[in-house]
Amino acid sequence: MSQATALVTGASGGLGSAIALALAQDGHDIAVHYRSDRAGAERTGADVEAAGRRAVIVSADLAPTEPTELDRACEDLLARTTGALGATPRVLVLNASDQALTPWEHLDTAAWDALWQGTLRHQAALLRAYSEVAQPGSVVVTVGSIEGLRAAPDHTAYAVFKAALHHLTAAAAHELGPRGIRVVGVAPGLVDRPGLSQDWPSGAERWRAAAALGRPVTATEVAAAAAFLASSAASGITGVTLPVDAGWGASPGW
């Protein structure tokens with residue numbers, strides 16, 4: 001097995017940054033991927049180094065329109081990450097994703113294509129490219145959503161592609177399991193952040209009423225679940241997506 005290294009996509013802030021830090025605290029050197037927010041990626045890198053691990057910053061646009069350009073971008077990202085870390089990352093976290101909210105009446109073919117390009121397309125491409133270089137003992141962690149389990153109004157396309165990502169997690173686990181590679185996922189619920197209740201008072205209140213714990217989850221809680229799934233403690237787990245939702249999924253349906 002390769003040394004403890006990880007590549008986290010979309011790690012310039014929010015959940016990606018929290019996952020990078022959780023993996024660093026578990027002993028991984030981290031490749032912090034970003035698309036446009038260099039300053040945010042550097043803040044994540046500083047947090048990783050404060051945890052006593054090495055951080056490298058890698059940029060890549062994973063949303064080119066031309067398919068061959070995406071394939072090259074994925075291969076190049078993995079090659080640069082391997083060179084910077086000195087090893088193929090043992091863990092790949094597929095976190096980077098668009099989250100556009102599109103009302104049904106505006107969900108034309110162009111809108112479907114745009115969200116496909118910003119969500120599932122590059123994750124599938126990067127997972128395949130990683131499978132070509134990953135060693136036995138490697139782990140892929142996908143970041144889905146509870147909306148892949150139960151859609152919300154105006155979130156139809158996003159929910160469909162997150163559901164597809166959950167299924168990709170299961171399918172890829174069977175494809176790569178014989179090579180000793182695990183594929184697992186987390187499905188975050190509503191993730192708390194400063195100003196959430198002020199920005200979305202009705203939604204936050206509905207969530208609190210529905211969740212068994214009566215609150216949103218934190219990015220740290222989701223990151224801890226991702227780090228667990230990537231660890232040797234979860235060596236018998238593959239092909240599943242774990243909801244991290246404060247018990248929202250356990251709420252009565254009637």
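Read-outs throughout are calculated quantities, based only on the coordinates presented, and are distinct from any laboratory measurement. Values in this document were obtained by computation on a predicted structure and should not be read as measured data. Here the Cβ positions follow ideal geometry from the backbone for every residue, glycine too, while neighbour counts run over all protein chains shown.
Before moving on, here are some points about what is shown:
- Whole-number D in µm² s⁻¹ for the range 147-254, Kirkwood Cα-pair radius fed into Stokes-Einstein, 10 °C, 1.306 mPa s: 105
- A cut-off under 15 angstrom between Cβ atoms defines the neighbours of Thr241, and their net charge, with Lys, Arg +1 and Asp, Glu -1, is +1.
- Anisotropy class of the range 80-161 from Cα gyration tensor, a/c 1.5 cut: prolate
- Whole-Å semi-axes of the range 55-195's equivalent ellipsoid (Cα gyration tensor): 27, 17, 15
- Placed amide H near Val58: partners under 5 Å, 5+ positions off or other chain: Val32, His33, Tyr34
- Span-rule helices in the chain, defined as complete DSSP H runs reaching 20 Å or more along the axis (Cα) with Kyte mean at least 0.5: 156-176
- Between the range 167-224 and the range 120-141, the C-alpha centres lie 21 angstrom from each other.
- Per the Kirkwood formula applied to alpha carbons, the chain shows a radius of gyration over Rh ratio, Rg over Rh, of 0.95.
- Mean Cβ count within 10 Å, highest first, over the residues of peptides 230-236, 16-22, 72-78: 16-22, 72-78, 230-236
- Extension gain for Ala111-Ala250 works out to 46.8 nm (0.36 nm per residue, less the C-alpha to C-alpha distance).
- Semi-axis lengths (Å, descending) of the ellipsoid that matches the C-alpha gyration tensor of the range 162-205: 36, 10, 5
- Around Leu176: net Lys/Arg minus Asp/Glu count, Cβ-Cβ under 11 Å: +1
- Structure-based [θ]222 nm, the chain - -39500 (n - 2.57) summed over DSSP H runs of at least 4, per residue, nearest 500: -14000 deg cm²/dmol
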